[in-house]
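The values are calculated or read from the model by the stated rules, or taken from the named source; none is laboratory data. These numbers come from a predicted model, not from an experiment. Counting neighbours? That spans all protein chains shown, and the Cβs are built from the backbone with ideal geometry, glycine included. These accessible areas exclude ligands, DNA and RNA; they are computed on the full protein's heavy atoms, side chains included. Shrake-Rupley method; radii C 1.70, N 1.55, O 1.52, S 1.80 Å.
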Amino acid sequence: MNRTSQGHSIDTLFTFLLLLSFLLFSLLIAGTGSMVYQNGTDSLNKNYTSRTALSYLTEKLRQHDHTDGVAIGDLDGLPSLILYEEQNGTRYCTYLYFYDGALRELFTQASNSPSANMGTAIAELSDFTFSTESDADRSEPVLQLTVTDMDGSVDTARLHLSAVSVF
């Protein structure tokens, strides 16, 4: 009789240890999955700002890629991309520039004299630069855009435009 009660206590202990190990293994798997998910979302959020800013800039530039549609100039001494368009016989321009820690956009009549602090912040960045170069294979200028987000991640886009004026 003594043996059977000892057998039952070992069976109970084995079952308890098996369930405990299953629970610990499940918690380990859940914790690891949580860390992988968190790292993935952090990486996506980190690249979101710079990529969104570049996408916005390239789309605006493509919309204005026509004769006298894109110019490089300045706004209050800040290098700016200037996009021109005409609506109902009135000429307007959109300034895209970096000011006060953000990529900014300012839409105004071309005859106005705006200032840099009037623009609307599009994306918080630590830097935005652009430059032009000629492409040996094409007669079109190449505009290179570079954005740096607040974490220091740098993204670059190169656009072939039909006409860019430099002022």
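I need the full set of residues from segment 53-80 which are buried (at least 17 other Cβ atoms within 10 Å of the Cβ), over 16 Å from the mean Cα position of the chain (by Cα) and in contact (Cβ under 8 Å) with a residue 60 or more places away in the chain, in order please. If the condition is that a residue be buried (at least 17 other Cβ atoms within 10 Å of the Cβ), over 16 Å from the mean Cα position of the chain (by Cα) and in contact (Cβ under 8 Å) with a residue 60 or more places away in the chain, then 61, 65, 69, 70, 71, 72 are the ones that fit.
Within segment 108-123, being part of a strand (DSSP E or B) and under 26 Å from residue 49 (Cα atoms) holds for 108, 120, 121, 122, 123.
Identification of strands (runs of 3 or more DSSP E) wholly contained in segment 1-107 with 3 or more residues that are in contact with a strand residue (DSSP E or B) (Cβ under 8 Å, 6 or more places away or on another chain), farther than 17 Å from residue 146 by Cα and not aliphatic (A, V, I, L, M) yields 78-87, 90-99.
Can we say residue 92 is among the hydroxyl-bearing types (Ser, Thr, Tyr), within 26 Å of the chain's Cα centre (by Cα) and at pLDDT 90 or above? Walk me through it before giving the result.
Numbers: among the hydroxyl-bearing types (Ser, Thr, Tyr): yes; within 26 Å of the chain's Cα centre (by Cα): no; at pLDDT 90 or above: yes.
Considered against the rule, which asks whether it is among the hydroxyl-bearing types (Ser, Thr, Tyr), within 26 Å of the chain's Cα centre (by Cα) and at pLDDT 90 or above, residue 92 comes out as no.
Scanning segment 17-52 for residues that are open to solvent by less than 90 Å² (accessible area, probe 1.4 Å) and at pLDDT below 90 returns 40, 41, 42, 43, 47, 49, 50, 52.
On inspection, residue 112 passes the criterion of being without any contact (Cβ under 8 Å) to a residue 12 or more places away in the chain and more than 13 Å from residue 80 (Cβ to Cβ).
When segment 145-159 is filtered for residues that are open to solvent by less than 50 Å² (accessible area, probe 1.4 Å) and either more than 15 Å from residue 48 (Cα to Cα) or not in a loop (DSSP other than H, G, I, E, B) (or both), the ones remaining, listed by number, are 145, 146, 147, 148, 155, 157, 159.
Pairs linking a residue in segment 84-98 that is surrounded by 18 or more Cβ atoms within 10 Å (Cβ to Cβ) to a residue that is of a type in the set (Phe, Trp, Tyr), with Cβ atoms under 6 Å and 6 or more positions apart or on different chains, are 93/84; 94/107; 98/128.
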